[in-house]
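Student: My questions all concern the structure below.
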Amino acid sequence: MDTKKLLFNARAIHAGSEPDPTTGAHVSPICRTSTFVMENVEKAIIAGYGDVEGIYAYTRYANPTIDAVQRKIAALENAEACLMAASGMCAITTSLLANLNTGDHLVAGNTIYGGTFAFIKNIIPRFGIEATTVSTTGDNIENIRKSMKSNTKIVYIETPCNPTLGITDIKKAAEIAHEAGALLYVDNTFATPYLQNPLSLGADIVLHSTTKYLNGHGDVLGGAILGSKNLIHKIDGEFMKFMGGIMSPADASELSKGVKTLGARMEIHCSNAMKVAKFLDNHDMVEKVLYPGLESHPGHEIAKKQMKNFGGMMSFNVRGGFEAGKMLMDNVKMISLATSLGNVDSLIQHSASMSHASMSKEEREAVGIADGQVRLSVGIEEADEIIKDLDQALNNVKKALNL
Ligand SMILES: Cc1ncc(COP(=O)(O)O)c(C=O)c1O
C-alpha cells in the first residue's frame, strides 16, 4: 500500500507499521540486537555502509525498528528521508555540525530552546564557526537578510518559538536563506507535522524533539532530522554513524506507538489550549497571554497562514511578577510542575526561575520573557479541569500576595 496517499491519521497509523515479514506479527517485534549475521562477504560490504534498506550490519549504522519509525515520521512531514537521534538536542547538534565547517557563519533566531541557544552561543564558536542571533518573528524577518554574510551556511529558526510563542514566516525565511545559498533549518517541535510542514514551505531541514508531542506520553527521549535523501544521507553517513547518538530500537518502537495517535491528540491539545487562553485572557491575575490562536498575538496572521491550528503551548504573564509566577507553581494541583512539554498531561513551568534562570533579567526582558511569565503545555484532560486548577491557583496567589 502506498501510505503517502493516505490522509494524516491513516498515514500516522500505517506508514512504517507493516506486519513483521518473518512471523506475520501485526505489531513488529523490537529488533533488539547490536549486530547482524551476514550471508556472505559481498553482503557484509554492502551492509557496512548502512544505507541499503533491508540489509543490516550493526545497529549504530541501521536497524529495522529504527528504520520503521523513520519511515513513519518521514511520511508525516512529507520528507524524502528521516534520521532518528537519541534526543532532540542530538538531532539538532548532529545536523548542524554536519553542514558547518570552520570559517562558516550561522544566523539563528534569538528566542529558541535554551539548549539550542547554548550550543550555538557557547559550543560552535570553539570550532571557529561564527553565529549571529537575531529576532526573526513577524516584521523582524528582515533581520535575517541583514545578518547574512558571504560565508553564511545555515539559517536556523524555531516557530512557534520557545517560550514566547513568537511566529516566524517560514516561506520568507527560506527565500532569504536560499538567495544567499544557505540552508534553512526549522525546529518544528511545538507545531508538530500535524499542524505545520516546513519542508512544503521551503525549509531544507526539519528537526523535532520527539520527546514531546510526537511521542506524547513523556516516557521516551528522542529526536528526528528530516529532509531530502541527499541531505539526510550526508548527515547520517558522514556524521551520525560516527557521532553515535542513535535512538535505541526499544525507544523507536515506543515512539512508533505514540506517533499513531498524534493527530487525535493534537485536535484536543488545540481546542483545550484555545479555551484555556481565552479564560486566562479574562482573568484579573493575568497581564498578558502569549498564544498564537488569539487575535491579539502579533504572530496570529502568519500562524493562520502556515499552521493548520495553533497548538497546545502558551505562555502567560502573571500579575505580581517573579514572586507571583513562582508561587503559582506551588499552587497547581492537577497540573504538574515539570519542564518538558507535549505530553497528554498538562505541564507548567516558571521561565524566569527555571528554564531561563541562567539569563539575566535584562537578557530575558529583551526577548520578551517577563519575570512573572509562566509556560503552560496544555494537556488533553478536559479543558474545564485545567481551567479549574489554574483558577484556584491564581486566586490563591492573589490572596497570598494581597494583590
Ligand atoms: C523546541 C525544542 N527543541 C528541542 C528540544 C530538545 O529536545 P530534547 O530534550 O529531546 O533533547 C526542546 C526541549 O525542550 C525543545 O523544547
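Student: Just to be sure, is residue 325 surrounded by 20 or more Cβ atoms within 10 Å (Cβ to Cβ) and either part of a loop (DSSP other than H, G, I, E, B) or in the same structural domain as residue 201 (by TED's automatic domain parsing) (or both)? I'd like the intermediate steps shown before the answer.
Tutor: Numbers: surrounded by 20 or more Cβ atoms within 10 Å (Cβ to Cβ): yes; either part of a loop (DSSP other than H, G, I, E, B) or in the same structural domain as residue 201 (by TED's automatic domain parsing) (or both): no.
Against the criterion (surrounded by 20 or more Cβ atoms within 10 Å (Cβ to Cβ) and either part of a loop (DSSP other than H, G, I, E, B) or in the same structural domain as residue 201 (by TED's automatic domain parsing) (or both)), residue 325 does not qualify.
Student: Return the residues of the range 172-188 that are assigned to a strand (DSSP E or B) and either free of Cβ contacts under 8 Å to residues at least 40 places away in the same chain or away from the ligand (no atom under 13 Å from the Cβ) (or both); say none if nothing qualifies. I'd like the intermediate steps shown before the answer.
Tutor: Taking the range 172-188 first, the residues assigned to a strand (DSSP E or B) are 183-187.
Matches in the range 172-188: 183, 184, 186.
Student: Can I ask one more? Which pairs do you get when a residue that is part of a loop (DSSP other than H, G, I, E, B), found in the range 141-156, comes within reach of a residue that is of a type in the set (Asp, Glu), reach meaning Cβ atoms under 9 angstrom, with the pair 6+ apart or on two chains?
Tutor: From residues that are part of a loop (DSSP other than H, G, I, E, B), the pairs are 148/179; 149/130; 151/104; 151/130.
Student: What's the number of the only condition in (1) touching a helix residue (DSSP H, G or I) at 6+ places or on another chain (Cβ under 6 Å); (2) open to solvent by less than 10 Å² (accessible area, probe 1.4 Å); (3) not in a helix (DSSP H, G or I) that residue 379 fails to meet?
Tutor: Residue 379 satisfies every listed condition except (1).
Student: Based on this model, can you work out whether residue 391 counts as buried (at least 16 other Cβ atoms within 10 Å of the Cβ), acidic (Asp, Glu), outside the structural domain of residue 216 (by TED's automatic domain parsing) and in contact (Cβ under 8 Å) with a residue 24 or more places away in the chain? So that I can check it myself, show each step before the final result.
Tutor: Details: buried (at least 16 other Cβ atoms within 10 Å of the Cβ): no; acidic (Asp, Glu): yes; outside the structural domain of residue 216 (by TED's automatic domain parsing): yes; in contact (Cβ under 8 Å) with a residue 24 or more places away in the chain: yes.
So residue 391 does not fit the description; no.
Student: Can you name the residue in the range 328-357 that is assigned to a helix (DSSP H, G or I) and in contact (Cβ under 8 Å) with a residue 12 or more places away in the chain and, of all such residues, is farthest from residue 396 (Cα to Cα)? Please lay out each step first, then the result.
Tutor: First pass over the range 328-357, keeping only residues assigned to a helix (DSSP H, G or I): 328-331.
After this cut, where a residue has to be in contact (Cβ under 8 Å) with a residue 12 or more places away in the chain as well, the list is 328-329, 331.
Working: 328: 8, 329: 11, 331: 7 Å.
By that ranking, first place goes to 329.
Student: Please indicate, with yes or no, whether at least one residue in the range 101-109 is within 16 Å of the ligand (Cβ to nearest atom) and assigned by TED's automatic domain parsing to the domain that holds residue 185. Give the derivation first.
Tutor: From the range 101-109, those within 16 Å of the ligand (Cβ to nearest atom) are 108-109; that's our starting set.
Then keep just the ones that are assigned by TED's automatic domain parsing to the domain that holds residue 185; that gives 108-109.
Yes, that holds for at least one residue.
Student: Name the one entry in 384, 371 that is open to solvent by 10 Å² or more (accessible area, probe 1.4 Å), assigned by TED's automatic domain parsing to the domain that holds residue 269, free of Cβ contacts under 8 Å to residues at least 60 places away in the same chain and not in a loop (DSSP other than H, G, I, E, B). Reasoning before the result, please.
Tutor: On the way: 371 fails: not in a loop (DSSP other than H, G, I, E, B).
Result: 384 is the single residue among 384, 371 that is open to solvent by 10 Å² or more (accessible area, probe 1.4 Å), assigned by TED's automatic domain parsing to the domain that holds residue 269, free of Cβ contacts under 8 Å to residues at least 60 places away in the same chain and not in a loop (DSSP other than H, G, I, E, B).
Student: Considering only the range 323-342, state which residues are β-branched (Val, Ile, Thr) and within 16 Å of the ligand (Cβ to nearest atom).
Tutor: Of everything in the range 323-342, just one residue is β-branched (Val, Ile, Thr) and within 16 Å of the ligand (Cβ to nearest atom), namely 339.
Student: Across the range 74-100, what is the number of residues that are more than 22 Å from residue 132 (Cβ to Cβ) and away from the ligand (no atom under 12 Å from the Cβ)?
Tutor: Count: 10.
Residues checked against (1) among the basic types (Lys, Arg); (2) open to solvent by 80 Å² or more (accessible area, probe 1.4 Å):
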| position | (1), (2) |
| --- | --- |
| 278 | yes, yes |
| 282 | no, yes |
| 291 | no, no |
| 295 | no, yes |
| 302 | no, no |
| 305 | yes, yes |
| 311 | no, no |
| 318 | no, no |
| 321 | no, no |
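Student: Of all residues in the range 113-122, which are open to solvent by 10 Å² or more (accessible area, probe 1.4 Å) and either within 12 Å of the ligand (Cβ to nearest atom) or at positive phi (or both)?
Tutor: Of the residues in the range 113-122, the ones open to solvent by 10 Å² or more (accessible area, probe 1.4 Å) are 113-115, 117-119, 121-122.
113, 114, 115, 117, 118, 119, listed by residue number.
The values are calculated or read from the model by the stated rules, or taken from the named source; none is laboratory data. All figures in this text were calculated on a predicted structure; none of them were measured in a lab. All Cβ positions, glycine included, derive from the backbone under ideal geometry; neighbour counts span all protein chains shown. Remember, those area values only see protein heavy atoms, side chains included, never the ligands or the DNA or RNA. Shrake-Rupley method; radii C 1.70, N 1.55, O 1.52, S 1.80 Å.
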